[in-house]
Amino acid sequence: MGAGTSPADRAASATGPADERAESAADTADDAPAAGPADASAAAAVDEPAEDPDGRTGSHPEPGPGESPAARRSRRFPSFTRDTARPEGGGRAAGGDAPAPARQWPLLAVLCTAGAGLLIVAADPFEEAFRIGTILIGAALIGGAVLRLVVPSVGMLAVRSRFTDLVTYGLLGVLIVMLSLMAQPKPWLDIPFLEDAVHFTIR
């Protein structure tokens, strides 16, 4: 125990710095202005990343001059798609230097055949015109299915996948041809169970 010091002085010197720190912290809290709603929103704006109209956020900044856009592209799925994938075999049936009808000749062949059948049905120029016209329409769809199977690129005749187009064109064409052959009166094709099914359906 040193000379000239008492136990009370030693206790005051031991606890003095802590008390001073507590008092200074309380004074600082009293002197600081109360945080209002504007300050809270500003703090939230600092914490949250800003988002621009292109959909980029602070975690996805705009690419710099030396970076490619693909390297900094956002992983988010776009809200609106700008294009659709071309179906399999949907390329041009002829080269780009060919005229437009040549590039789309499969579609034009199907449309012209079906249009000729519709014209024959509408004009009715001869007996059995209705049957011949509907057979032409069905044959046009069957021909479209064959073209879709054989020709690698059929242009706008390709609507969906190759299998879907084959099934759609083929089934519709066969159904139209069968119904035209079985049309009354004097059907060209007599299939009893199909007639019974038709009569049961429309009865």
| said: Cβ neighbours within 10 Å, averaged per peptide: list 173-185, 88-100, 140-152 in order, most packed at the top. | reply: 140-152, 173-185, 88-100
| message | What three numbers, in Å, describe the spread of the alpha carbons of the range 111-203 along their principal axes, ordered from the longest? | response | 42, 32, 19
| remark: Taking Ile191, Ile132 and ranking on accessible area (1.4 Å, protein atoms only), highest first, one gets Ile132, Ile191
| query | How much length is gained if the chain between Ala100 and Met178 is pulled fully straight, taking 0.36 nm per residue apart and subtracting their Cα-Cα distance, in nm to one decimal? | reply | 24.6 nm
| query | Which part of the range 92-127 falls in the paramagnetic zone of Lys186, meaning amide N under 12 Å from the point 7 Å along Cα-to-beta-carbon? | reply | 127
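The values are calculated or read from the model by the stated rules, or taken from the named source; none is laboratory data. Everything numeric here is computed off the predicted structure, so don't read it as measured data. As a convention, Cβ positions derive from the backbone with ideal geometry for all residues, glycine included, and neighbour counts pool all protein chains shown. These area figures cover heavy atoms from the full protein model, side chains too; ligands, DNA and RNA do not enter into them. Shrake-Rupley method; radii C 1.70, N 1.55, O 1.52, S 1.80 Å.
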